[in-house]
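A short write-up of the structure that comes next.
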Amino acid sequence: MRVIDTKKITSSIITLIERASFEAPDEVLERFTSLRDAEEDETARATMEIILENAKIARRERLPLCQDCGSVVVFAEMGQDLRLEGAPFVEAVNEGIRKAYEMFYLRKSIVADPLRRENTGTNAPGFIHVDIIPGDVLTLTVMLKGGGSENMSSLKMFNPTASIDEIIDYIAAAVVDAGPNPCPPIFLSVGLGGTADAAMLNAKKAVLRGIGTRHPDPFYADLEDRIMERLNGSGVSGPGPLGFGGKATAAGVFVLTAPTHIASLPVALNMQCHSFRCEREAL
Ligand code: SF4
């Protein structure tokens, strides 16, 4: 059985947080460049240019992509033929978070209690999701999630008789109502099906499929295209880049589905802001 010392997990979390904080992924920048080029509105075009410039400066100067350095969401895919040795897994992850936010001078945004609001001073704890999978590899994905975009999350438990048009109407209205709050262009993640909790988690996971990818099922690829068209299509008046108007409200739509109860049709939304910060490593 393969053994991993959890010190490796701590150092991987540090590396992933560093990369995510300062280096916007190339595919995100390519997407923003094409959105900028498609803008006819001068303000929207200039806004996209500033977003691109911000990403270049962050990479060059090792400055965070955004002042909100985010909650740390960790997705772990743990091979079942693997054994961990050393500090407990959750502690190893949180140690990585504590060290990274200190080492890289990142803003610490986590309060220990939702009503008493005392900052933990470390940005820990992280929000950790573990899936047990076949094999002996541990894959860690770190997502840094800003409060502004996370606050625009939503869930609606539809009647299963709802039409696809009704679902698209709900999604489009949620994005328009969110306005500038999630700092568009957003990467819109949609969890369809499951239970209420599974739909919300899938809404966060959907974007992990990869920027620039198409849904493997043509039915859902078409649904993603229809949602995208509703948000960015000609004649649509969405928030546009940072809410200043223009076409580029969404930079991508990602749907993740799950089996569901015969009486249920949950639709959950999670919005990733233009500071898309997500990195992955296999150990
Ligand atoms: S929503 Fe994103 S870009 Fe906007 S302030 Fe929050 S982290 Fe920064």
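What's the total number of residues in region 124-164 that are within 16 Å of the ligand (Cβ to nearest atom) and over 17 Å from Tyr101 (Cα atoms)?
7
Would you mind telling me which numbered condition in (1) within 30 Å of Ser237 (Cβ to Cβ); (2) out of contact with any Phe, Trp or Tyr (no Cβ under 9 Å at 6 or more places or on another chain); (3) not aliphatic (A, V, I, L, M) Gly121 fails?
Evaluating Gly121 over (1) within 30 Å of Ser237 (Cβ to Cβ); (2) out of contact with any Phe, Trp or Tyr (no Cβ under 9 Å at 6 or more places or on another chain); (3) not aliphatic (A, V, I, L, M) leaves (1) as the failure.
Looking at (1) under 26 Å from Lys8 (Cα atoms); (2) of a type in the set (Asp, Glu); (3) assigned to a loop (DSSP other than H, G, I, E, B), which is the only condition Glu77 fails?
For Glu77, the failing item is (3).
When only residues in region 101-141 that are touching a Lys or Arg at 6+ places or on another chain (Cβ under 6 Å), in contact (Cβ under 8 Å) with a residue 60 or more places away in the chain and not aromatic (Phe, Trp, Tyr) count, which is surrounded by the most Cβ atoms within 10 Å (Cβ to Cβ)?
Across region 101-141, the extreme among qualifying residues is Thr141.
Filter region 239-277 down to the residues that are more than 16 Å from the ligand (Cβ to nearest atom), among the small types (Gly, Ala, Ser) and buried (at least 21 other Cβ atoms within 10 Å of the Cβ) and list them by number. Full working, then the answer.
Residues of region 239-277 more than 16 Å from the ligand (Cβ to nearest atom): 245-247, 253-268.
After this cut, where a residue has to be among the small types (Gly, Ala, Ser) as well, the list is 245-246, 258, 263-264, 268.
Gly246, Ala268, listed by residue number.
Hey, among the residues in region 87-108 that are among the small types (Gly, Ala, Ser) and under 13 Å from Ser12 (Cβ atoms), which one's farthest from the chain's Cα centre (by Cα)? Don't jump to the end; show me each part of the working.
Initially, region 87-108 is screened for residues among the small types (Gly, Ala, Ser), giving 87, 92, 96, 100.
Checking the rest, the ones that are also under 13 Å from Ser12 (Cβ atoms) come to 92, 96, 100.
Numbers: Ala92: 22, Gly96: 20, Ala100: 19 Å.
Only one residue fits best here, namely Ala92.
Throughout, read-outs are computed from the coordinates displayed, never taken from laboratory work. None of the values given here were measured: they were computed from a predicted structure. For neighbour counting, all protein chains shown are included, and Cβ atoms are generated from backbone atoms with ideal geometry for every residue, glycine included.
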